[in-house]
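The structure under discussion appears below in the form of structure tokens.
The values are calculated or read from the model by the stated rules, or taken from the named source; none is laboratory data. Just so you know, these numbers come straight off a predicted model, no measurement behind them. Reconstructed Cβ throughout: ideal geometry from the backbone, glycine too, with neighbour counts over all protein chains shown.
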Amino acid sequence: MAGNSQAMTGLGIVIEMKTTPTGTTYAEIGEPFEITPPQQMDDEIEVTHFQSPDGTKEFIGGLTDPGECTFTVNYVPGGATETLLLEAKGTRKPRGFRFTWPNGVTWEFDLLIRGLQPSAPLNDRLTMEVTGRVSGSIVRGAAD
């Protein structure tokens, strides 16, 4: 297939989190600048037996681990984003998240916030890394 590249940058990605565990209203996570989306990995189940061809191990797929997700934001101590994330972490229950990619495609999933790591370098911006474990499936939506 020849033609112009469809590559894009991350500029314009929006991260949102449900404001309550069972609600439908989302609040935007302020000033994210680095995201590592979840990597879904299937467990592997060994099914090797005495007649496995060439004495080679055999495997089938098991359950899917939806993975971890991390993102980093410009950190404002006591700000709206920190307050929202601290409240979600304090519940010790997954919270609904939505990523909207620059082309309008969405990913929705529940994320258990496990860690909030502020960083305060001497001569640079304050940042906070958020680490979470995805719980359940990732629902991908088409662009509007």
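Of the residues making up segment 93-144, those that are over 24 Å from Pro21 (Cβ atoms), at pLDDT 95 or above, out of contact with any Pro (no Cβ under 7 Å at 6 or more places or on another chain) and of a type in the set (A, V, I, L, M) are Val105, Ala120, Leu122. Tell me, yes or no, whether segment 7-14 has at least one residue that is over 15 Å from the mean Cα position of the chain (by Cα), closer than 30 Å to Arg125 by Cβ, of a type in the set (A, V, I, L, M) and surrounded by 10 or more Cβ atoms within 10 Å (Cβ to Cβ). The answer is yes, given that some residue of segment 7-14 is over 15 Å from the mean Cα position of the chain (by Cα), closer than 30 Å to Arg125 by Cβ, of a type in the set (A, V, I, L, M) and surrounded by 10 or more Cβ atoms within 10 Å (Cβ to Cβ). Give the residue that is nearest to Pro94 (Cα to Cα), with candidates limited to residues of segment 115-132 that are assigned to a strand (DSSP E or B) and touching a residue at least 40 places away in the same chain (Cβ under 8 Å). Step by step, filter segment 115-132, then rank; the result is Gly132. Considering only residues in segment 86-98 that are under 12 Å from Gly132 (Cβ atoms) and in contact with a strand residue (DSSP E or B) (Cβ under 6 Å, 6 or more places away or on another chain), the one that is surrounded by the fewest Cβ atoms within 10 Å (Cβ to Cβ) turns out to be Lys89.
Count, please, the residues in segment 6-63 that happen to be assigned to a loop (DSSP other than H, G, I, E, B) and more than 26 Å from Pro94 (Cα to Cα).
Summing the residues that are assigned to a loop (DSSP other than H, G, I, E, B) and more than 26 Å from Pro94 (Cα to Cα) in segment 6-63 gives 14.
Take the conditions (1) surrounded by 12 or more Cβ atoms within 10 Å (Cβ to Cβ); (2) in a helix (DSSP H, G or I); Phe71 misses just one of them, which is (2).
Considering only residues that are β-branched (Val, Ile, Thr) and either within 21 Å of Arg133 (Cβ to Cβ) or touching a residue at least 60 places away in the same chain (Cβ under 8 Å) (or both), which ones fall in segment 43-85?
Filtering segment 43-85 for residues β-branched (Val, Ile, Thr) gives 45, 47-48, 56, 60, 64, 70, 72-73, 76, 81, 83.
Those that are β-branched (Val, Ile, Thr) and either within 21 Å of Arg133 (Cβ to Cβ) or touching a residue at least 60 places away in the same chain (Cβ under 8 Å) (or both): Thr64, Thr70, Thr72, Val73, Thr81.
Within segment 66-79, can one find any residue that is over 19 Å from Arg140 (Cα atoms), hydroxyl-bearing (Ser, Thr, Tyr) and modelled with pLDDT under 95? Looking through segment 66-79, none of the residues is over 19 Å from Arg140 (Cα atoms), hydroxyl-bearing (Ser, Thr, Tyr) and modelled with pLDDT under 95.
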